[in-house]
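First comes the structure, then the notes that go with it.
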Amino acid sequence: MAAEPLTIIDAHIHYSAIDLFVDTARRVSHVDYSRWGLEAEMDDSGITAAVGMGLMETTRGGFPDPCAENPMALDLAPLPANLFCCLGINPQPLTEPDGVIYQARIEERLQDSSVVGLKLYPGYYPYPASHEVYDRVFGLARDWQLPVVIHAGDTASPRAILRLAHPLYISDLAVRYPEVTMVIAHVGNPWVMDVAVMLTNHENIHADLSGLILGDATAIDDFVQNRRLMDSIQTGLDYSGRFDKLLFGTDWPLVPMRPYIQFVKRLVPEKYWPYVFSRTAQRVFPRLRV
Ligand SMILES: [Zn+2]
């Protein structure tokens, strides 16, 4: 009997007019960072839906931008089909006395059925994930029963504070909000072992496998051939054993999609592929329709 074709959801991409993405796509990953480029890559690699992480900058190269809109959306027009969104949170306005206005703005946007979750950028913005500035966001996630994707680990900006991007802050949140589903982006790389323990200990914690490599198909191949680099991630994943709580994601346009799928297949035992490539994303993002 022929095996069923694998349904693939890319649970973490970008689709914002951010200089860093435009520049990396052109010079490093050699990706066509446009609607047509995205649709062609999804088609070529059998990806049926993608989740874009909202992010904006008000000046070229401004990211992480304290003046960005709140919430932050996907602003690289025109929008392709089958692209969903996690609204990006700029915590700066939430610190203001009238921060409640921004809560109302976020709620207004949550009515849009293409919005499937919320996204935080700790470290890029100078607050750890567990900071009280995000209390309103977790309250909304609980009330609307939507997941929160949280950046953790290495950052793509020299202005980001790495300590504040450490994944262990998210353990505080997992305990404080046991009813909120959370996804740790990039399995917190390079702190993958810390995330492995959290996957085991906190039922509401998940992790995506995006952004573990930056570059083109050759860079992905070089990484796969380097046993020490592969082991640095594999050890944590195997230690946790919770492959059922991992989500496939690329961080496109920072890597091309098709070779990244092959890379993730190397890290995950084949029996878990249906979970990692689609089932877990559908469970974590209840609004996602594929
Ligand atoms: Zn990302």
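Round to a whole number: what % of the accessible area of the range 27-70 belongs to carbon and sulfur, probe 1.4 Å? Here it works out to 51 percent. Computed over the chain, relative contact order equals 21 percent, with contacts defined as Cα pairs under 8 Å that lie 6+ residues apart.
From the protein chains alone at 1.4 Å, what is the descending order of accessible area for Glu41, Glu96, largest first? Kindly include the intermediate steps, with their values, before the conclusion.
Values: Glu41 35, Glu96 80 Å².
The residues order as Glu96, Glu41, largest area first.
For the set Glu39, Glu203, Glu57, solvent exposure ranked by accessible area (probe 1.4 Å, protein chains only) runs largest to smallest as Glu203, Glu39, Glu57.
Multiplying the residue separation of Asp244 and Leu168 by 0.36 nm and removing their Cα-Cα distance gives an extension gain of 25.3 nm. Between amide H atoms placed 1.01 Å from N, distances below 5 Å from His206 occur with Met182, Val183, Ile184, all of them 5 or more places distant or on a separate chain. Once the chain from Glu270 to Thr218 is taken as fully extended at 0.36 nm per residue, the excess over their C-alpha distance is 16.3 nm. Asp238 contributes an accessible area of around 90 Å² to the protein surface, as traced by a 1.4 Å probe with all chains present. A simple packing score, the average count of other Cβ atoms within 10 Å per residue, orders the peptides 100-109, 168-177 as 168-177, 100-109, with the highest score first.
Across all Cα atoms of the range 8-284, the radius of gyration (one decimal) and Dmax (whole number) stand at 17.2, 52 Å. Between Gln111 and Thr235, full extension at 0.36 nm per residue minus the direct alpha carbon distance yields a gain of 40.6 nm. Applying a length cut-off of 20 Å (Cα extent along the axis) and a mean Kyte-Doolittle floor of 1.6 to the DSSP H helices of the chain leaves no helix.
In Å², and per residue, what accessible area does the range 8-284 have when probed at 1.4 Å with the other protein chains present?
41 Å²
For the range 84-154, the alpha-carbon radius of gyration amounts to 1.04 times the rule-of-thumb value 2.2 N^0.38 Å expected for a compact globular protein. Per the Kirkwood formula applied to alpha carbons, the range 58-117 shows a radius of gyration over Rh ratio, Rg over Rh, of 0.99. Taking 7 Å steps out from each Cα toward its Cβ at Val100 and Glu203 produces label points 3.5 nm apart.
The values are calculated or read from the model by the stated rules, or taken from the named source; none is laboratory data. Quantities reported herein were computed from a predicted structural model and do not represent experimental measurements. Glycine gets a Cβ as well: all are built from the backbone with ideal geometry, and neighbour counts include every protein chain shown. Just so you know, the surface numbers come from the protein's heavy atoms only, side chains and all, with ligands and any DNA or RNA stripped out. Shrake-Rupley method; radii C 1.70, N 1.55, O 1.52, S 1.80 Å.
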